[in-house]
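**Student:** This is the structure I want to talk about, given as structure tokens.
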Amino acid sequence: MRHGKKTNHLGRQTAHRKAMLANMACSLIEHKRINTTVAKAKALKQFVEPLVTKSKEDTTHNRRLVFSKLRDKEAISELFREVAPKVGDRPGGYTRIIKLGNRLGDNADMALIELVDYNEIYNVNKPEKKKSTRRAGRGKKSADTAQAKPEATSEDKKNEGNEE
């Protein structure tokens, strides 16, 4: 039975898997997005999100905890200096996985994993939609339609009277 075994071993021994995830996390922090397989992206998401949460509070203890996982001083300094202030107000979900299709060589499912706050395409500040309610804003267009509607209803009433 498989109870309580939620880590994907990715076909690797423990030391190799930890080293690979640490290297991928450092690359993700440095480049803000990387291409990999879907399985590795999902494993990386579980690996890197707690580290980003720890980086929100810049203490020596948190830096040492993150360093024990990543083992790269430059990546840690970038995580605590640049990434953490950008995601400070976000309560979680710091990464996004976008599926890209299959790799040509071995038909593996490929994905793009990226830090959410660094994507310019998805984070364009769109003007918020105006909520349209029936009674809101008696402007020119709504005044014209308001005048047209009572005439139509009076004609409908006349037609109803003729049918009966």
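**Student:** Using Cα pairs under 8 angstrom and six or more residues apart, how large is the relative contact order of segment 74-120, in percent?
**Tutor:** 32 percent
**Student:** Ordering E82, E49 by accessible area with a probe of 1.4 Å, largest first, what comes out?
**Tutor:** E82, E49
**Student:** Amide H of L100 versus every other amide H placed in the peptide plane: which residues, excluding those fewer than 5 positions away on the same chain, fall under 5 Å?
**Tutor:** M110, A111, L112
**Student:** Continuing with this model, one more query. How much length would be gained if the chain were fully extended between L112 and D89, taking 0.36 nm per residue of separation minus their Cα-Cα distance, in nm to one decimal?
**Tutor:** Taking L112 through D89 to full extension adds about 5.9 nm, to one decimal.
**Student:** While we're on this one: What does the charge add up to near C26, with Lys and Arg as +1, Asp and Glu as -1, over the other residues with Cβ less than 13 Å from its Cβ?
**Tutor:** +1
**Student:** Expected output is a single nm value to one decimal: the length gained when fully extending between Q46 and T59, i.e. 0.36 nm times separation in residues minus the C-alpha distance. What is it?
**Tutor:** Extending this stretch completely gives an extra 2.5 nm.
**Student:** If you average the sequence gap of Cα pairs under 8 Å that are 6 or more apart and divide by the length of segment 54-97, what percent do you get for the contact order?
**Tutor:** Reported as a whole number, the value is 39 percent.
**Student:** Listed here are the pairs K54/K86; K18/K45; K40/K69; K18/K56; K6/K99; which of them are more than 19 Å apart at the Cα?
**Tutor:** Beyond 19 Å: K18/K56; K6/K99.
**Student:** Largest first, how would Y122, Y94 line up by accessible area (1.4 Å probe)?
**Tutor:** Y122, Y94
**Student:** Report the Cα centroid-to-centroid distance between segment 91-116 and segment 1-80 in angstrom, as an integer.
**Tutor:** 16 Å
**Student:** Gain in length, K6 to L100, computed as 0.36 nm per residue apart minus the alpha-carbon separation, to one decimal in nm?
**Tutor:** Between K6 and L100, full extension yields an extra 31.4 nm.
The values are calculated or read from the model by the stated rules, or taken from the named source; none is laboratory data. In this text the structure is predicted, and so the values were computed from the model without any measurement. Note that each Cβ is placed from the backbone with ideal geometry, even for glycine, and that neighbours are counted across all protein chains shown. With ligands, DNA and RNA removed, areas are computed over all heavy atoms of the protein, side chains included. Shrake-Rupley method; radii C 1.70, N 1.55, O 1.52, S 1.80 Å.
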